[in-house]
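Q: Have a look at this one before I ask anything.
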Amino acid sequence: MDSLKVKGMNCQHCVSSVTQALEQIDSVHSVTIDLKSGLVQYETNGDVDLEALKAAIVKIGFTPE
Ligand SMILES: [Cu+2]
């Protein structure tokens, strides 16, 4: 289980958007997000480029830390 913090999520729609954006990346699955803390947890199968993950989040308008 890996995690990162994301800023800018303020409702369940934001959570769904970020979840979907991450799940579209090959090898990322089981995305769990705590809205209050902005903590995004996820499982990966093998190598995932953290920068690609962050880019997917930025692309939909949120800010990874
Ligand atoms: Cu929202």
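Just so you know, all these numbers are worked out from the coordinates, no wet-lab data involved. These numbers were taken from a predicted model, which means no experiment stands behind them. So basically every Cβ, Gly included, is an ideal-geometry build from the backbone, and we count neighbours across all protein chains shown.
Q: So, counting K/R as plus one and D/E as minus one, what does the shell of residues with Cβ under 12 Å around THR63 add up to?
A: Cβ neighbours under 12 Å give a net charge of +3.
Q: Taking the Cα centre as origin and putting +1 on Lys and Arg beta-carbons and -1 on Asp and Glu beta-carbons, what dipole magnitude results for the chain, to the nearest 20 debye?
A: Details: 5 positive and 9 negative charges, 81 e Å.
About 400 debye.
Q: Measure nothing but the geometry: give the 0 to 90° angle between the long axis through the Cα atoms of 50-59 and the longest principal axis through the Cα atoms of the chain, rounded to 10°.
A: So the inclination is approximately 40 degrees.
Q: Separate question: Compute the distance in nm between two label points, each set 7 Å from the Cα along the Cα-to-Cβ direction, one at GLU43 and one at GLN20.
A: Modelled inter-label distance: 2.3 nm.
Q: A further question on this structure: If each residue of separation counts as 0.36 nm, what is the full-extension length gain between CYS11 and THR32 once their alpha-carbon separation is subtracted?
A: Computed gain between CYS11 and THR32 is 6.1 nm.
Q: Right, next: Under 19 Å from the Cα of LYS36, which aspartates and glutamates turn up, not counting those fewer than eight places away in the same chain?
A: Answer for LYS36, where 19 Å is the Cα cut-off: ASP2, GLU65, listed by chain and number.
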